[in-house]
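Asks: Mind having a look at this structure? Questions to follow.
Every number here is computed from the coordinates shown, using simple stated rules; none is lab data. This structure is a prediction, so every number in the text was calculated from the model and none was measured. With ideal geometry, Cβ positions are generated from the backbone for all residues, glycine too; neighbour counts draw on all protein chains shown.
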Amino acid sequence: MKKNFSASRVAGLEKLFQARSVCIVGASPDERSIPGMALDRLVKHGFGGTIQLVNPKYNEVSGRRCFPSVRDLPERVDAAMVCIPAAAVPDVIDQCGDAGVAAAVVVASGFEEVSNGAASTARLRAAIDRTGIRVVGPNTEGVWNIPGKVMLTFG
């Protein structure tokens, strides 16, 4: 059976693969951490858009201002890379919805692949349903658009 994709569903994917602005949630100054590597990949591969960082623990990461939440970002972003513990992911997806983020890459693990992950999975599914955000993941290495230089990955 062929699925009917609405324009808004396709637009969410376009905002992911053709992002002009992104945020990394869980940004870290540790370049060996997943969010540290994610920032490095974006910069090294020449992402030409805006990169914003989110982590309430830091005011600055790698010379870039860091914001306490997605809701605090000064500009709307097309896509978010979510690199935080599973328990916090549904709340961040809600924040992304409030902030108009179209798509998110959820790197976090601790969902269906673990024996006690059913509750986290249900909370994440509910947040996705509430917000309509297109989500890759959870427990993914991310996505690459090499020609567009959109590297939402840590690999």
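Asks: Filter the stretch 82-114 down to the residues that are in a loop (DSSP other than H, G, I, E, B) and farther than 15 Å from Pro138 by Cα and list them by number. Reasoning before the result, please.
Replies: Of the stretch 82-114, the ones in a loop (DSSP other than H, G, I, E, B) are 83-85, 99-102, 107-114.
Of everything in the stretch 82-114, those that are in a loop (DSSP other than H, G, I, E, B) and farther than 15 Å from Pro138 by Cα turn out to be Ala99, Gly100, Val101, Ala102.
Asks: Could you grab me the full set of residues in the stretch 144-155 that are buried (at least 19 other Cβ atoms within 10 Å of the Cβ) and among the hydrophobic types (A, V, I, L, M, F, W, C)? First the steps, then the outcome.
Replies: To start, the set of residues in the stretch 144-155 that are buried (at least 19 other Cβ atoms within 10 Å of the Cβ) comprises 150-154.
Once the filter is applied, which keeps residues that are buried (at least 19 other Cβ atoms within 10 Å of the Cβ) and among the hydrophobic types (A, V, I, L, M, F, W, C), the stretch 144-155 yields Val150, Met151, Leu152, Phe154.
Asks: Would you tally the residues in the stretch 22-81 being among the hydrophobic types (A, V, I, L, M, F, W, C), in a strand (DSSP E or B) and closer than 16 Å to Asp98 by Cβ? Give the steps one after another, and end with the answer.
Replies: Restricting attention to the stretch 22-81, the residues satisfying the condition of being among the hydrophobic types (A, V, I, L, M, F, W, C) are 22-25, 27, 34, 37-39, 42-43, 47, 51, 53-54, 61, 66-67, 70, 73, 77, 79-81.
Filter once more, so that each one left must be in a strand (DSSP E or B): 22-25, 51, 53-54, 61, 66-67, 79-81.
With closer than 16 Å to Asp98 by Cβ added as a condition, the list becomes 23, 25, 54, 67, 79-80.
Of the residues in the stretch 22-81, 6 are among the hydrophobic types (A, V, I, L, M, F, W, C), in a strand (DSSP E or B) and closer than 16 Å to Asp98 by Cβ.
Asks: Considering only residues of the stretch 64-81 that are surrounded by fewer than 14 Cβ atoms within 10 Å (Cβ to Cβ) and of a type outside the set (D, E, K, R), which is farthest from Gly142 (Cα to Cα)?
Replies: Pro74
Asks: So, in the stretch 50-73, of the ones that are among the polar types (S, T, N, Q) and closer than 21 Å to Lys149 by Cα, which residue ends up nearest to the chain's Cα centre (by Cα)?
Replies: Only one residue tops the list, namely Gln52.
Asks: I'm trying to understand the selection: among the residues of the stretch 118-133, which are β-branched (Val, Ile, Thr), in a helix (DSSP H, G or I) and within 16 Å of the chain's Cα centre (by Cα)?
Replies: From the stretch 118-133, those β-branched (Val, Ile, Thr) are 121, 128, 131, 133; that's our starting set.
Now drop any that are not in a helix (DSSP H, G or I), which leaves 121, 128, 131.
If the condition is that a residue be β-branched (Val, Ile, Thr), in a helix (DSSP H, G or I) and within 16 Å of the chain's Cα centre (by Cα), then Ile128, Thr131 are the ones that fit.
Asks: So in the stretch 20-63, with the set limited to residues that are β-branched (Val, Ile, Thr) and in contact (Cβ under 8 Å) with a residue 24 or more places away in the chain, which one is surrounded by the fewest Cβ atoms within 10 Å (Cβ to Cβ)? Walk me through it before giving the result.
Replies: Going residue by residue through the stretch 20-63, those that are β-branched (Val, Ile, Thr) are 22, 24-25, 34, 43, 50-51, 54, 61.
Checking which are in contact (Cβ under 8 Å) with a residue 24 or more places away in the chain leaves us with 22, 24-25, 34, 50-51, 54, 61.
On the way: Val22: 28, Ile24: 29, Val25: 30, Ile34: 20, Thr50: 16, Ile51: 19, Val54: 28, Val61: 20.
Selected residue: Thr50.
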